[in-house]
Amino acid sequence: MGSIDGDLPAIWFLITSIGFIILSFIQYRNAGKSIETIFLSSLAIIFMISYFLLIFSR
């Protein structure tokens, strides 16, 4: 759960990136390589990088 002090736990970035990976895989299987697939994949990469930055910056 999030706290009131505004600190966002790093695990939420990992969960979100896994969700974007699953969504991009489903989108790729349904529509092939489209702009939506590229967008979802790039969001997954951005959130995964954010997760690792939060973990290793502590």
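The values are calculated or read from the model by the stated rules, or taken from the named source; none is laboratory data. The shown structure was predicted, so the numbers you read here are calculated from the model rather than taken from an experiment. Just the protein is used for accessible areas: all its heavy atoms, side chains included, with ligands, DNA and RNA removed. Shrake-Rupley method; radii C 1.70, N 1.55, O 1.52, S 1.80 Å.
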The helix 35-56 Cα axis meets the longest alpha-carbon principal axis of the chain at an angle in degrees, between 0 and 90 and rounded to 10, of 20
In angstroms, what radius of gyration and Dmax does the chain have, counting Cα atoms only?
-> 13.5, 42
Of the accessible area of the chain, computed with a 1.4 Å probe and all protein chains kept, carbon and sulfur make up a percent value of 72
Relative to the longest principal axis of the chain, what angle (0 to 90°, nearest 10) does the C-alpha long axis of helix 11-31 take?
-> 0
